[in-house]
Structures are given as C-alpha cells and as structure tokens.
Amino acid sequence: MKSFLPSWATAISVFALAGSPGVSAEISGAESASPTGLTANVIDSGFAQSRDTYNGLTCASNGLIYYVLCSNSIDRGAQMYSYNPGTKEVQHLGDLTEAAGEKDLKAVPQGKSHVNFAEANGKLYFATHVDYYVIENGTEVLGTPPSGYKPYPGGHFLSYDMASSSFENLAIAPDGQGIQAMCMDPKRQRLYGLTWPSGYFLRYDLNSKELKNLGKVSRNGEAGRDSNYRVLCRSLALDPGDGSVYFTTFEGAIRRYNFDRDSIETVEGEDMRKDYFGSYDPPSTGTMGYNWRQTVWNPSEKVFYGVHGNSGYLFRFDPRLPRVDLIQRITSEPSQRSGMFDKFWYGYLGFTLGPDGHTLYYLTGGAIYVNGKRVNSHDTTKIGAKGEEDIHLITFDIASGKYTDHGPIFFRNGQRPAYVNSIAVGKDGSVYTLARVTEAGNTRTDLICIPTR
C-alpha cells in the first residue's frame, strides 16, 4: 500500500526518538546531514546560562538582528545582543538590570524581555519582566528571594539608541509587576503595557514622561486564585489610525483602550469566543482560553491578522466593523492530518508579517511520525511543552490565500530546536528565532538562523 505521508515525514522518522526536544542535540562539529526540511544555523552569543525566551527579537531598519536572552539567575539579568547577518558578528549590548539602573540594588533582577521590540526615531523600545519563578499547583508564581536579596522591583520601559549604543530607563511598573506585553504608538509617542501577574494596563507618554495605571483588566489575572484566576493576553494590538489598543480576555471578550477617552472599554457585537477555537470553561491554567496568542497589523488593509494559540487558527480582525473572520488553520500539515493541538501549552508566539507586507510567517508545532505512526507523547504535568514535536515554518500569502508548510526545522545533526516563541525575518528573507541548543551536553537558549532561499 502506498503511504499517504509526504517525503519529509518519512525522512524524519529515523530521528524522531533521538531524545527530548532541545536536550540531546549535539551541535558543535556535527557532520551528519539534516533530514529533509529546513536546516537551522546556530549563532553562539556566548551566554551559556541563557534560558527560554519569549519574543525579544527583531530585525531593525539597519538590517541588524536585535535580541534578548533571558536569565533566571538571582545574580544576573537578561542580556541584549545584536547580530550582523553580513559580517556574522555578534555584539553584546548590555545587561537589562543595569540598563534599568538596578545594578547594585541586590534585588531579583530583570530576567527577561517578554515583548516585541518597537522601533521609532532611531531607537528600539521594549520592556523588562521577571524570570524568577516557582511552580505552585501548576501555576507560575513569583519566587521568594533568598536572604540578603530584595524582592523584584518591577518591570521597566526601556529604549536603546542604535546609533549611540546607549540605553534609557523610562519608567517602572507599579507593585513589583513585570511587563509581559507591550506595543508602541510612534505617532502619539505612547508606550502601552500589560503587567504580570495582576494584569494592570499601563500607558506611558514619552513627551510628558507620565506613567498611568488604568487598573486590572481581567479579574486578578494570574495572581488570582480559583474563580479570580485568569490567564492574561500576551499581545497588545495597536490601530495606528485612531490610537486604539486592543487585547482579549480568557473568556473571549475583545477589549479596547480608547485614546480619546483615555479609558478601557469592551468591544460590543464581536468577540473571540468561536466554536472552532475549542471549549475553555471554566478558566484554568495551561491554556490561553479564547485569548488571541499573537497579532500583527496589516497597514494595506487596516486590519489585524492573528493566531489563536491552542487551535492554531488564523483570523482577521477588522476593528471598524468590528468583525473577526476565521481564515484557516495554519498549523503544520502533520498536525492538521492528526488533528493534534500544538504541544506548547499556550501555543506559539512566533507569528509576524514579513517585509513584503503580504506574507505571514509562523513557527508552529508538528506531529512526529515513526514508521508511519504518530508519536503521541503528552505530559500534562509539565509547564510549557507537553511533549515532543517538530517545529515547522509556515507561510501564508494574504493576497493569494496560499498556505505553505516549508517542513520541519533541524540542526545539522538531525536534532530539533525546542521552546521556540519568537520570530524575525531578515532583509534577505532568512528567518530568525530563539531556541534551545545543546552543545557538549549543556543546554542553552540562543539565536538560530533558518535560511529560506
């Protein structure tokens, strides 16, 4: 009987049980050929203690790739770097705890940046977050600092001047909150943030230097317990036309920051509560519920495109109607055939609009097949990835509606990247992300490049 599996699915089967994702990969000096799919090149940043990173990656107007590598050390903050695709040079730019003015504070450090960079007037704007956690009842909570250390001071809005290579500390979040989502309105000189764990909505005016807290947006957020617990949205969506900022709640409400009223309201007549997304009642840990996972603004249509994390559905949100239109699942071909959700418990953040203005790029999971049968590893007790899967690069052309699965991504020895939750497209079309890499038995997170031409 002829197999219905595509050639790359058969080719990867011999690698499927080689080890846990991102743990057993030997990169240095590997000479074995990659299985059919895409081959990722590892870029060594020199930070052996780096850990899983979410967002914190961009291709700037100067063509350089800027990125943050996270740290969960009590003594060292997240580190920021640039990579020059032309010269292959990596430059260390700074420690985010020092950039926030807290070098000698001896407090829980600025361990990560969980947001997408925004560029304006020669500067990159971003925010910092805490990365010092413990797990209680399957939920991430702030860790208690050891004796002699102060509690986490709060996340900061920061800027980085690309010409002078200097940081500026702009503002700090209240109540020791981290900033886990951010967007920028360059026209109106505003930064917006959503904090963790309580879910405060913040706005910062670059001209007046005023920081305003508009309060909690979803019960007690991830600081809540029982009926007051709500997983928070990770993507703030700016409409540059009127300055509105949109985000969602676990229950599927679409909420809007109204610039003219300087207040938050619920969008009437539309929501994200779609049958095709699944069923998420009651609110619980381990899922984003009806929240969108990642969104991008398409200036040619003046609409948002986004992905629902757990189901992998691509949607189009027109804020002026308002209307959410589901387009199709943009999960990988093997996942669509098997019907599986992505193994990463919230879905993937690696979703962006390419430089051509009409191609969407998405890094998502893919079912693994061995001898024609799917490997169904699934561990509901784990935080993050619930099992082993491939990472696939998907593109979707908005103009033609063409979906393309470019296949799974491997390192040169056949091992696979893991914990992939960021994306940037370089000026030459190469795709960059931050992933777990193992060399000489030691695992770190680092920048990888996926050539597509």
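The values are calculated or read from the model by the stated rules, or taken from the named source; none is laboratory data. Fair warning: this is a prediction, and the values are worked out from it, not measured in the lab. Positions of Cβ are generated from backbone atoms using ideal geometry, with glycine treated the same way; all protein chains shown enter the neighbour counts. To get the accessible areas, we keep the full protein, side chains included, count just its heavy atoms, and leave off ligands, DNA and RNA. Shrake-Rupley method; radii C 1.70, N 1.55, O 1.52, S 1.80 Å.
General remarks:
- Of the residues making up segment 133-148, not a single one is of a type in the set (Asp, Glu) and on the phi > 0 side of the Ramachandran plot.
- Going through (1) closer than 26 Å to Val231 by Cα; (2) surrounded by fewer than 21 Cβ atoms within 10 Å (Cβ to Cβ) one by one, Tyr362 falls short only on (2).
- Tally, over segment 53-63, of residues that are open to solvent by 10 Å² or more (accessible area, probe 1.4 Å) and within 11 Å of the chain's Cα centre (by Cα): 1
- Arg219 being crowded, with 19+ Cβ neighbours inside 10 Å and without any contact (Cβ under 8 Å) to a residue 24 or more places away in the chain: yes
- Matching residues, segment 132-141, being open to solvent by 50 Å² or more (accessible area, probe 1.4 Å) and farther than 11 Å from Gly111 by Cβ: Val134, Ile135, Glu136, Asn137, Glu140
- Glu270 being surrounded by 15 or more Cβ atoms within 10 Å (Cβ to Cβ) and closer than 23 Å to Val141 by Cβ: no
- Test result for Glu251, in contact (Cβ under 8 Å) with a residue 60 or more places away in the chain and surrounded by fewer than 22 Cβ atoms within 10 Å (Cβ to Cβ): no
Residues are listed down the side, and each one gets a yes or a no for (1) free of Cβ contacts under 8 Å to residues at least 12 places away in the same chain; (2) touching a Gly at 6+ places or on another chain (Cβ under 6 Å):
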residue	(1), (2)
Tyr125	no, no
Thr128	no, yes
Glu136	yes, no
Val141	no, no
Pro145	no, no
Gly148	no, no
Pro153	no, no
Tyr160	no, no
Ser164	yes, no
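- One residue from Ala418, Ala399 being under 30 Å from Thr249 (Cβ atoms), assigned to a loop (DSSP other than H, G, I, E, B) and either at pLDDT below 95 or open to solvent by 30 Å² or more (accessible area, probe 1.4 Å) (or both): Ala418
- Members of segment 277-311 that are within 24 Å of Phe117 (Cβ to Cβ), among the polar types (S, T, N, Q) and either surrounded by 14 or more Cβ atoms within 10 Å (Cβ to Cβ) or touching a Pro at 6+ places or on another chain (Cβ under 6 Å) (or both): Asn291, Gln294, Thr295, Asn298
- Subset of segment 421-453 [in a loop (DSSP other than H, G, I, E, B) and either of a type in the set (A, V, I, L, M) or surrounded by 21 or more Cβ atoms within 10 Å (Cβ to Cβ) (or both)]: Asn421, Ser422, Ile423, Ala440
- Filter pass, Asp161 being acidic (Asp, Glu), surrounded by fewer than 19 Cβ atoms within 10 Å (Cβ to Cβ) and more than 19 Å from the chain's Cα centre (by Cα): yes
- Here segment 113-131 is the region considered, the condition is being more than 17 Å from Asn62 (Cα to Cα) and open to solvent by less than 10 Å² (accessible area, probe 1.4 Å), and the residue that is modelled with the lowest pLDDT is Asp131.
- Count of segment 353-373 residues which are of a type in the set (S, T, N, Q) and within 25 Å of Gly384 (Cα to Cα): 1
- Selection status of Val108, farther than 16 Å from Cys449 by Cβ, of a type in the set (Val, Ile, Thr) and surrounded by 15 or more Cβ atoms within 10 Å (Cβ to Cβ): yes
- Residues within segment 103-145 that are over 22 Å from Thr445 (Cα atoms) and polar (S, T, N, Q), tallied: 4
- Which numbered condition Glu168 fails, given (1) open to solvent by 20 Å² or more (accessible area, probe 1.4 Å); (2) in contact (Cβ under 8 Å) with a residue 60 or more places away in the chain; (3) in contact with a Ser or Thr (Cβ under 9 Å, 6 or more places away or on another chain): (2)
- For segment 180-216, a tally of residues being open to solvent by 10 Å² or more (accessible area, probe 1.4 Å), under 18 Å from Trp297 (Cβ atoms) and under 20 Å from the mean Cα position of the chain (by Cα) returns 3.
- Hey, Tyr83 touching a His at 6+ places or on another chain (Cβ under 7 Å) and in contact (Cβ under 8 Å) with a residue 24 or more places away in the chain or not: no
- Residues located in segment 312-354, provided they are in contact with a Lys or Arg (Cβ under 7 Å, 6 or more places away or on another chain), surrounded by fewer than 18 Cβ atoms within 10 Å (Cβ to Cβ) and either under 23 Å from Thr433 (Cα atoms) or not charged (D, E, K, R) (or both): Leu326, Ile327, Gln336, Ser338
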